[in-house]
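Take a look at the structure below.
Read the figures in this text as sums done on the coordinates, not as results from a lab. Since the structure is predicted, the reported quantities are computational estimates derived from the model, not experimental observations. Cβ sites come from the backbone with ideal geometry, for glycine too, and all protein chains shown count toward neighbours.
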Amino acid sequence: MKAPLDVPRSLLAEALAWCSGIAYVVLVHVVVLNTGRDLTGMRLLPAALLVVLLLPLVLYRPLPALALLLTASFAATVRADSLMAAGQRVMGIVPPVQTQAWQIASLQAVLTDLVVGWIAATRSRRTAGVAALVALGVQVGGAAHYREGASSFLAAVVFLVLMMVTAWTVGHSVRERRRHTTDLRARAAEQAVVAERLRIARELHDMVAHSIGVIAIQAGVGRRVIDTQPSEARNALAAIEDTSRDTLAGLRRMLGALRQAVPGDDGAPLGPAPGLADLDGLAEQARSAGVRVDIEWRRERRPLPKEIELSGYRIIQEAITNVVRHSDAPACRVTVDCQEDDLFIEISDEGRGPSGLPGAAGYGLTGMRERAALLRGEFTAGPRPEGGFRVAARLPLPVAVT
């Protein structure tokens, strides 16, 4: 919605554009009257410079501007032709030879074609086609006044048609290219939205699936030992409470980020995204669920880009979740090798792997594979020859990290 002051300014600008366009028609006629008998060479310059007066109206209202230009062009051509013919009769040239009105007509034809090209670039194909046909008709009518003989008139018509077709084609090409660019931007925006939804879905799956798996196991342990070992049942309930609180905190951070909470808002505080430095806490959660996680760091640990840290953490988290839920293995081993150009991650166990359960290798392995693919990395997962299951990922590191 326009502001109250914008409406008067817009009306004033359009009114000035109309006044400037009308002034163009009048001044072109004045120029032709004053120099009509010898309108050649540099004497055409004032008529060419006057087109500046028509530019504002072309930008605001190109169709009325074209109508004014055609009116001025036809009137100037006819007037110049009559004045030059009269001058020849005064000089005793009978019958009068072909006049030089074609020069002012050619100048006006070029200006008309430029306006038609602008209309073709900014208006629909039908509107631009009608405007081109009307303009061409006026130009052909003007040619009948300054061309003598059928061959000369035919040559002028062919020239005018070629110029008009060229102007319309160039303008239409510009419009099609602009529309294609707009479509590409809209498609890129849609793909970005889809990619963001997939990223959020992966984050939710990785966060919730891991936590729910740990909670389910702890709840089962508590249910089995609540009568015989109350202390173990209390420990299981405490683990459920801690895991639930951590999951709720992560969900609040994610929802707060989606709401784009501003500083000073009463919404949930935004915490840092998890990274490889949080693997000890992840191992502690798995240990409370009955699976020992041995973490081996190879080479020197160093800070990595946030997207590498987050993806590496989520891949390890999902792999440990699969071990806890599907492998029946008492332990698993996590190896993190941060080399010069790549980050290698490997999670292996001696259990039966997710292939033992239908659907177990669904969204989890797919999400890990997508995370690695988004970073142009590699991902493999499958049974080991010696037994158990192995998940491995390679994430390339940017040059600036090395």
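A simple packing score, the average count of other Cβ atoms within 10 Å per residue, orders the peptides 185-191, 130-136 as 130-136, 185-191, with the highest score first. Fully extending the segment from Glu370 to Leu55, taken as 0.36 nm per residue of separation minus the present Cα-Cα distance, adds 108.0 nm. So if we plug the beta-carbon distance of Arg287 and Arg177 into 1/(1 + (r/R0)^6) with R0 = 51 Å, what FRET efficiency do we get, rounded to 0.05? Efficiency for this residue pair is about 0.25.
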